[in-house]
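The structure under discussion appears below in the form of structure tokens.
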Amino acid sequence: MIPLQHFLVLSGVLFSLGIYGVLARRHAVLILMSVELMLQAVNINMIAFAVYFDPEAFVGLIFAIFIITIAAAEVGLALAIVLRIFRNRATANVDEVNIMKW
Amino acid sequence: MELGMEQAWLLPAITGGTFAFLLLFGKYLPRGGDFLAVGAGVATFVVFLFILTDLLDVPRESLPIGKGWDWVSFEGLEIRLGFEVDEITIVMLAVVTFVGSLIVLYSTGYMRGDPRYGWFFTVLMLFITSMLTLVLADNLLLLYAAWEGVGICSFLLIGFWHERRSAAEAAKKAFITTRIGDVGLLIGIILFWRATGTFDISEIIEAAEHGEGLLGDGTYLTLATLLLFAGAAGKSAQFPLHVWLPDAMEGPTPVSALIHAATMVVAGVYLVSRMMPVFAAADPIALDVVTALGFITVFISAAIGLVQTDIKRVVAYSTINSLGLMFIALGSLSVTAAMLYLLTHGFFKALLFMASGSVIHATEEQEVSKLGGLIKKMPITGWTFAIGALAMAGLAPLSGYWAKDEILVALEHEQNIILLALASFSVFITAIYMGRIFYLAFLGEPRDHHVHDRAHESPPVMTMPLVVLTALTLVSGFIVFSGVGEALGFDGGFGEFVYFEEPEVFHFDWIIGIGSLIAVIAGLAAVPYFWGGTGERAHAVAQQFPWAYKLVKNKFYMDEIYQVFLDRVVFVLSGILAWFDRNVVNDTGVDGSAMITRLAGYRAKFVQTGQLPNYAFAIAFGVIMLAVIAFAVEF
């Protein structure tokens, strides 16, 4: 059996990539994709722990399904916002969407 | 429903409801709704009669009886909306409902044609409501609220003609002067509450009698008692807080009759009577203070009354004089004498005010130097005023005589011959100045023919209350006799009905009775001697003692002393405080902290860049820092 640490390292790497993407990317759609990456990293974590510590119970697995659901909803919402911004300002570059300041 | 003492709350409810109705809809009613006010007055008197009948049916030990509701309920603080009746209350109720109704009726004549006719009756209703609440309250806090309620009504009514600067000033003076005493009263009430944990009057009295808790400490009890008395002294115009009452005559005369003669000003006497067991339980010095201030007040007011020339002001000073006498009686523990004087005084002083109001109404003049010889023109007013003045002077067998007799007898019980002599002397002076004012206004030759020609008898709606009050002035003193009391359904005379500790069967003390009668007759006889003709003998006396005359004429310079005190102490102190408030509290404290916040906000707003990556970085950095901190704490 693959040791738990491998899953955790994979999850950590994915999560870090996600954070890097969120911080470094400028395009709204790419940022959203990075956010998805982070969410899936968490999912891997969940399932790994669930299978290793309590294989009989479904708690961790159910959590994973919830996270996937919420992620889907969130992306739907976020993409709609991005679409509106693009329609209005002809750009999806977050650097240029900066009216929410003092 | 059976009407009785448990329904005493109906009294303020009736007038209070009328007040609210008049306030909201008064201007849509014909005549400003004065008929409603008169109706409410009569209704309170009828309810009072039911309550009195009920009171006579129950044994005395079960008093006070009443009804109350929880109003505010906290842990350790219970405030009740309770109304109760005992025998002292019933005397006050008699005065307030009876004299009150008569004066409301009289006002419909006196105030006719006034631009704020309806408003007058509205405030009058509020006053009667407050007064009834004050009288019926079963706890000190409700009493205090009503106490301030009558104060504000007094303010509104003294300043009723506030276009006149002097009226506005007088209203302000009355309110502020009585407030000084009221602060004492409030502190006193709080002290009693702190000691007993209750505002209930009966419970406080019981605690004081048994010396429970903090009230067992003589100094504490005496201090609290004296503070209560400070409130009473302010409301009842005792030296040195008496200065507001003469100025209060700026108000319409029915107001002077109701508030500043019959009801509000005797609230202090009522309070002390009600709390008499507390005064008795306190150090004797508390009662000595009551007596001493009573005497000072009596003599100051009597002396000033001798030289005043305004008919209403003389009556006002005679009121202060009477209030002093009531406190002298209370100082000798004689609730009987004080309450009897309060009752009869309510009748004859209201009569005197309303009669002088009738003069003012007819002549538009209240300086006696312009009056004179009015009795032929205004016979009813003249004769009723005469009877009122004689009752105030204390001539037998009018009511004032019996009341003063009770006070003198009470002083004799105290075995204090000097005080007795002083009180008898004050009776003599009272007779002089009451005789003088009647003599100058109604007898002799008219001094101003213009005014005299204008004089005419007042309408029946004004003279009728005068006649009713005159009848009561004539007979109300007889209730001291057991036979009269029994005929009316009481257990006996007044002394067996209202008393402190022991009931007292009336017995006539010949030496005092004849002595005071001689003093009165001597005083009255001196009047034509001094003020007959052009009054040159009185002038001669004044010129013989110019300094004394000047001192009395200027009311012992009390107003001037207060003015100097205000200018030198109060205004200087308040100037310093105002400077502190403006510069330190306002500019530095309030504006300063606001400035700091604004500046900080101005600087901090640049954190909001609007750049999404910045926010994302802040979140990520925050999470990492939290993780580092959690790691550091864990290991």
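Enumerate the pairs (first residue in segment A:74-102 and within 13 Å of another protein chain (Cβ to nearest Cβ); second residue anywhere and assigned to a helix (DSSP H, G or I) and loosely packed, with under 11 Cβ neighbours inside 10 Å) with beta-carbon separation below 6 Å, excluding pairs fewer than 6 apart on the same chain, so at least 6 apart or on different chains.
Partner pairs satisfying both residue conditions: A:102/B:605.
Which of the residues spanning segment B:228-248 are hydrophobic (A, V, I, L, M, F, W, C), assigned to a helix (DSSP H, G or I) and in contact with a Phe, Trp or Tyr (Cβ under 9 Å, 6 or more places away or on another chain)?
Residues satisfying the conditions are B:228, B:229, B:232, B:233, B:244, B:245.
Here is a yes/no grid of residues against (1) buried (at least 18 other Cβ atoms within 10 Å of the Cβ); (2) of a type in the set (Lys, Arg); (3) at pLDDT below 85; (4) closer than 24 Å to residue B:459 by Cα:
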{"position": "B:49", "(1), (2), (3), (4)": "no, no, no, no"}
{"position": "B:59", "(1), (2), (3), (4)": "no, no, yes, no"}
{"position": "B:62", "(1), (2), (3), (4)": "no, no, yes, no"}
{"position": "B:76", "(1), (2), (3), (4)": "no, no, yes, no"}
{"position": "B:90", "(1), (2), (3), (4)": "yes, no, no, no"}
{"position": "B:97", "(1), (2), (3), (4)": "yes, no, no, yes"}
{"position": "B:110", "(1), (2), (3), (4)": "yes, no, no, yes"}
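Specify which of the listed residues (B:93, B:24, B:81) is under 23 Å from residue B:126 (Cβ atoms), in contact with a strand residue (DSSP E or B) (Cβ under 8 Å, 6 or more places away or on another chain) and part of a helix (DSSP H, G or I).
None of the others qualify; the one that does is B:93.
Do we find a residue being under 27 Å from residue B:26 (Cα atoms), of a type outside the set (Ser, Thr, Tyr) and touching a Phe, Trp or Tyr at 6+ places or on another chain (Cβ under 9 Å) anywhere in segment B:175-182?
yes
Take the conditions closer than 23 Å to residue B:499 by Cβ and not small (Gly, Ala, Ser) and apply them to residue B:339. Does it pass?
Criteria met by residue B:339.
Given the conditions (1) crowded, with 24+ Cβ neighbours inside 10 Å; (2) modelled with pLDDT of 90 or more; (3) under 21 Å from residue B:520 (Cα atoms), and given that residue B:330 satisfies all but one, which numbered condition is not satisfied?
Here residue B:330 clears every test but (3).
Has segment B:476-487 got any residue that is small (Gly, Ala, Ser), in contact with a helix residue (DSSP H, G or I) (Cβ under 6 Å, 6 or more places away or on another chain) and over 30 Å from residue B:111 (Cα atoms)?
For segment B:476-487, residues small (Gly, Ala, Ser), in contact with a helix residue (DSSP H, G or I) (Cβ under 6 Å, 6 or more places away or on another chain) and over 30 Å from residue B:111 (Cα atoms): present.
Can you name the helices (runs of 4 or more DSSP H) wholly within segment B:509-627 that have at least 3 residues being within 14 Å of chain A (Cβ to nearest Cβ)?
The helices (runs of 4 or more DSSP H) meeting that bar are B:591-604.
Kindly list, by first and then second residue, each pair from a residue in segment A:20-31 that is more than 8 Å from every other protein chain (Cβ to nearest Cβ) to a residue that is hydroxyl-bearing (Ser, Thr, Tyr), limited to pairs with Cβ atoms under 6 Å and residues at least 6 apart or on different chains.
These pairs meet every condition: A:21/A:34.
Residues being among the aromatic types (Phe, Trp, Tyr) and farther than 24 Å from residue B:441 by Cα: count how many of those fall in segment B:381-421.
Qualifying residue count, segment B:381-421: 1.
Please find, among A:63, A:15, A:53, the residue that is more than 25 Å from residue B:622 (Cβ to Cβ) and either over 12 Å from the mean Cα position of the chain (by Cα) or within 14 Å of chain B (Cβ to nearest Cβ) (or both).
After ruling out the rest, the residue left standing is A:53.
Go over the candidates B:174, B:167, B:146 one by one and state the one that is more than 13 Å from the chain's Cα centre (by Cα) and assigned to a helix (DSSP H, G or I).
Sole residue among the options that is more than 13 Å from the chain's Cα centre (by Cα) and assigned to a helix (DSSP H, G or I): B:167.
Being more than 23 Å from residue B:22 (Cα to Cα) and in a helix (DSSP H, G or I) narrows it down to one of B:183, B:99, so name that one.
B:183
Looking only at segment B:483-525, which residues are at positive phi and among the charged types (D, E, K, R)?
B:501
The values are calculated or read from the model by the stated rules, or taken from the named source; none is laboratory data. What you see is a predicted model; the values in this text were computed from it and never measured. Don't worry about glycine lacking a Cβ; one is built from the backbone with ideal geometry, like all the others, and counts go over all protein chains shown.
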